[in-house]
Amino acid sequence: MDWLNYHHLRYFWTVAKEGSLARAAARLHVSQPSISEQIRALEESLGEKLFRREGRSNVLTDAGQIAFGYADDIFSLGQELVNAIKQRPSAKSLRLYVGVADSFPKLVTNEVLKPVFAMPQTVHVICREGKMEDLLAQLAAHRLDIVLADEPASSSTNFKTFNHPLGETGTTFCAASTLAARLKRGFPRTLDGAPALLPTENTALRRALEGWFRDAKLRPKVVAEFEDLALMNVMAAEGRGFIALPTIAAAEAVSRYQFVVIGKAAKCRVQFHAITAERRITHPGVVVITGKR
């Protein structure tokens, strides 16, 4: 039987969480060479490289991603054990692993997960963001309970998935107050030539916007494009351009970033989906999100 050295695993896990040897060494109060030696020993025992070099950074390999997911569970369960022995309130929490596609708006994620946090049972939610294909692979390996995405899983995936539509919404255009005051009167014609901060072309929202702009014969001046829509909101709050948000998340964005609504486009529609690996859903948190069993 192969035995796993959990001391080595904790060093690896800490480096993966902290993002660098230096930060991990500071947290663990040991030297960087000591951590490197422990990780090499773990790699030798597993027979796989867990990190690869990209420039000056250490990036998890595919094997490293798998190991990190298991390590996360192992040490989280260890903390739950301590909580249970000490009879802390968090001892009986339900764990829900949620994959969030990087193109899925974070404010919409917040709306989708609100019912989970309102459940009578305490729920410990673990969110993992990434590319759709990576998240679906984790779903197939049962490392995730559900994936949130702005498009359904393709039928060409090499494992069985089930798509659950969460709904669709129109689009709301917002900006910082000064720019919004200029663009609000005469909307949507005022968007023609106006500075725009848009999601990148690989997102469903961007595709919907391009179609709506084309139909309305509008050509905004694209100032910047973002994969991280939270960063897009921060830039818009600085007055660098207008943004388009799913209407379901607009009120939260207006409140959080002090945006002013320029106008709404009911025909510019975006859809949201939950993806599972099982047709019959048993996890209570997934039932709450999808409304299905």
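The values are calculated or read from the model by the stated rules, or taken from the named source; none is laboratory data. All values derive from a computational prediction rather than experimental measurement. Cβ placement follows ideal geometry from the backbone for every residue including glycine, while neighbour counts extend to all protein chains displayed.
Details
- Selection of first residues in segment 52-67 that are among the β-branched types (Val, Ile, Thr) and of second residues that are surrounded by fewer than 17 Cβ atoms within 10 Å (Cβ to Cβ), restricted to Cβ pairs under 8 Å at least 6 apart or on distinct chains, gives the following pairs, ordered by first then second residue: Val59/Arg52; Val59/Arg53; Thr61/Glu48; Thr61/Lys49; Thr61/Arg52; Ile66/Ala141.
- Only one entry of Ala140, Ala101 meets the criterion of being among the hydrophobic types (A, V, I, L, M, F, W, C) and buried (at least 17 other Cβ atoms within 10 Å of the Cβ), and that entry is Ala101.
- Taking segment 272-283 as the range and being modelled with pLDDT of 90 or more and out of contact with any Ser or Thr (no Cβ under 6 Å at 6 or more places or on another chain) as the test, the residues that pass are Phe272, His273, Thr276.
- Residue that is farthest from the chain's Cα centre (by Cα) [pool: residues in segment 135-156 that are part of a helix (DSSP H, G or I) and under 23 Å from Phe75 (Cα atoms)]: Ala140
- Any chance Ala63 is surrounded by 18 or more Cβ atoms within 10 Å (Cβ to Cβ) and small (Gly, Ala, Ser): no
- Residue under evaluation Arg280, criteria (1) surrounded by fewer than 16 Cβ atoms within 10 Å (Cβ to Cβ); (2) touching a helix residue (DSSP H, G or I) at 6+ places or on another chain (Cβ under 8 Å); (3) under 28 Å from Lys160 (Cβ atoms), criterion not met: (2)
- Some residue of segment 262-271 being at pLDDT below 90, of a type outside the set (Val, Ile, Thr) and surrounded by 14 or more Cβ atoms within 10 Å (Cβ to Cβ): no
- Filtering segment 189-209 for residues that are among the acidic types (Asp, Glu), modelled with pLDDT under 95, in a loop (DSSP other than H, G, I, E, B) and within 16 Å of the chain's Cα centre (by Cα) leaves an empty set.
- Meets criteria (of a type outside the set (S, T, N, Q), in contact (Cβ under 8 Å) with a residue 12 or more places away in the chain and in the same structural domain as Ala140 (by TED's automatic domain parsing)) for Phe162: yes
- Tally, over segment 225-259, of residues that are touching a Lys or Arg at 6+ places or on another chain (Cβ under 7 Å) and surrounded by fewer than 17 Cβ atoms within 10 Å (Cβ to Cβ): 1
- Flag for Arg52 being assigned to a strand (DSSP E or B), out of contact with any helix residue (DSSP H, G or I) (no Cβ under 7 Å at 6 or more places or on another chain) and not assigned by TED's automatic domain parsing to the domain that holds Val98: yes
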